Amino acid sequence: MDEMIGVSSVKLFVRETAGKTLLFVHGFPLDHTMWKFQIDALGREYRIIAPDLRGLGASDAPEPYTCYSMDAYAADLRDLLDELRVDRVVLIGLSMGGYISFAFRRLFPERIRAMVLVDTRAEPDSPEGIEGRMKAIESVKAEGPKSLVEGMLPKLFAPSSLNEKPEVVQDVRAMIERQSPVGVMGALWAMAHRPDSRPDLPSIDVPTLVVVGEEDSLTPPSMAKEMADSIPGARLAVIPHAGHMSPMESAAEFNEVLLEFLRSVP
Ligand code: MLT
């Protein structure tokens with residue numbers, strides 16, 4: 001079922017199926033369609049909620065972009081669960097979706113049954129990183145999200161995916177190009193202002209899986225290992241032949257690892 005759901009001041013687009021509930025939170029500057037291989041493969045066994053975050057995909061893009069934050073995204077998701085009358089979820093977030101998962105856990109820990117942190121990091125941006133976000137905001141303001149594409153694609157994918165999986169790369173290119181400028185600027189602003197989540201890691205007390213593409217250059221396996229080591233009992237899975245977009249680049253391997261984890265979650 002696809003529908004638009006009003007949460008606080010904005011209406012969010014959401015794709016939903018029936019069963020035990022998984023909440024998929026997409027990365028930047030993407031939308032729920034990045035999870036299409038997981039929705040197709042797991043949709044019969046699990047209830048999947050795959051929203052577009054505010055400002056992205058088919059969801060509303062409120063202005064100004066400075067009103068976007070990790071806490072605002074997390075509050076939207078909590079409101080969405082309330083609207084859908086869902087109590088607890090397995091929270092699955094990729095990259096920016098992981099940053100949002102950390103905020104969601106700080107604010108609404110009682111709504112989380114288990115966590116899957118995919119190609120993400122707990123560290124905040126460095127000063128150079130923040131400067132880069134501000135420059136990106138200016139370029140999106142001037143030329144739209146397409147100005148980010150050429151710089152981003154080589155960072156999102158493993159070199160082998162860039163050469164051998166043109167349809168996946170094309171999907172992501174089109175996804176970036178169709179996003180709303182204000183939503184993309186809002187996400188950049190929110191990422192630049194996100195807090196350090198590292199102090200929270202030792203208190204995560206739900207089953208947690210950390211997943212990373214073997215060739216992820218943005219959030220590399222060494223970073224994922226450090227994160228997994230800081231979360232009590234967390235498992236780490238490294239997906240071969242994949243970069244930062246592991247759920248799209250190596251979907252079959254990613255789904256296998258995810259399913260094995262989900263079946264172990266009480
Ligand atoms: C993402 O995939 O969500 C972004 O790479 C996150 C980031 O830029 O930090």
Self-check item: For region 229-243, Karplus couplings with θ = phi - 60° (6.51, -1.76, 1.60), whole Hz, Gly/Pro x
Solution: 5, 8, 9, x, x, 5, 9, 10, 10, 9, 9, x, 6, 9, x
Exercise. List every residue whose amide H lies under 5 Å from the amide H of SER59, counting only residues 5 or more places away in sequence or on a different chain, with H placed 1.01 Å from N in the peptide plane.
Key: PHE13
Quiz item: Mean residue ellipticity at 222 nm from the helices of the chain, using -39,500 (n - 2.57) per DSSP H segment of n ≥ 4 over the full residue count, to the nearest 500 deg cm²/dmol?
Solution: -13500 deg cm²/dmol
Quiz item: Residues with amide H under 5 Å of ARG47's amide H, sequence separation 5 or more or different chain, H placed in the peptide plane at 1.01 Å from N; which?
Solution: GLY19, LYS20, THR21, LEU22
Self-check item: Dipole of the chain [Lys/Arg +1, Asp/Glu -1 at C-beta], most positive-end residue of SER203, GLY98, PRO221
Solution: SER203
Practice problem: Rank GLY98, GLY132, GLY144 by mean-square fluctuation in a GNM of the chain with C-alpha springs under 10 angstrom and give only the top-ranked residue. | Solution: GLY132
Self-check item: For region 2-262: relative contact order, % (alpha-carbon pairs under 8 angstrom, 6 or more apart)
Solution: 21 percent
Practice problem: Report the full-extension gain for the segment MET134 to LYS225: residue separation times 0.36 nm, less the Cα-Cα distance, to one decimal in nm. | Solution: 29.8 nm
Quiz item: Can you run phi through the Karplus equation (6.51, -1.76, 1.60; θ = phi - 60°) for region 101-118 and list ³J(HN,Hα) in whole Hz, with x for Gly and Pro?
Solution: 4, 5, 5, 4, 5, 4, 8, 9, x, 5, 8, 10, 8, 6, 10, 10, 9, 10
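Pick out, in residue order, every one of the trypsin sites (Lys or Arg not before Pro) in region 35-116 that is DSSP loop and has at most 16 other C-beta atoms within 10 Å; say none if there are none.
ARG44, ARG85, ARG88
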Quiz item: Taking θ as phi - 60°, what are the ³J(HN,Hα) couplings along region 5-15 by the Karplus curve (6.51, -1.76, 1.60), each to the nearest whole Hz, with x for Gly and Pro?
Solution: 10, x, 10, 6, 9, 10, 9, 9, 7, 9, 9
Practice problem: Would you list, by chain and number, the lysines whose Cα falls below 23 Å from the Cα of LYS155, excluding same-chain residues fewer than 8 positions away? | Solution: LYS36, LYS135, LYS141, LYS146, LYS165, LYS225
Quiz item: Mind checking which of LEU107, LEU12, LEU91 has the largest fluctuation in a GNM of the chain, springs on alpha carbons under 10 Å?
Solution: LEU107
Quiz prompt | Order of VAL211, VAL238 - criterion: other Cβ atoms within 10 Å of each residue's Cβ, fewest first | solution = VAL238, VAL211
Quiz prompt | Full-stretch length increase - LEU259, LYS20 - with 0.36 nm per residue and alpha-carbon distance subtracted | solution = 84.8 nm
Self-check item: Reduced Cα scattering model of region 2-262, Debye log10 I(q)/I(0), q = 0.11 Å⁻¹
Solution: -0.53
Practice problem: Would you work out the charge dipole size for the chain about its Cα centre, treating the Cβ of every Lys and Arg as +1 and the Cβ of every Asp and Glu as -1, and quote it to the nearest 20 debye? | Solution: 440 debye
Practice problem: Run the quick spin-label model on LYS36 and ALA174: label points 7 Å from Cα toward the beta carbon, then report their separation in nm to one decimal. | Solution: 0.7 nm
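Of all DSSP beta bridges in region 2-262, what percent run antiparallel (nearest 5)?
About 30 percent, rounded to the nearest 5.
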Exercise. Calculate the dipole size of region 13-146 relative to its Cα centre from +1 charges on Lys and Arg beta carbons and -1 charges on Asp and Glu beta carbons; express the result in debye to the nearest 20.
Key: 460 debye
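Rank the residues PHE108, PHE254 as a footprinting-exposure proxy: fewest other Cβ atoms within 10 Å of their Cβ go first.
By the 10 Å Cβ count, ascending, the order reads PHE108, PHE254.
No lab work stands behind these numbers, since they all come straight from the coordinates. These figures come from a predicted structure and were not determined experimentally. Neighbour counts are summed over all protein chains in view; Cβ atoms, including those assigned to glycine, are modelled from backbone coordinates with ideal geometry.
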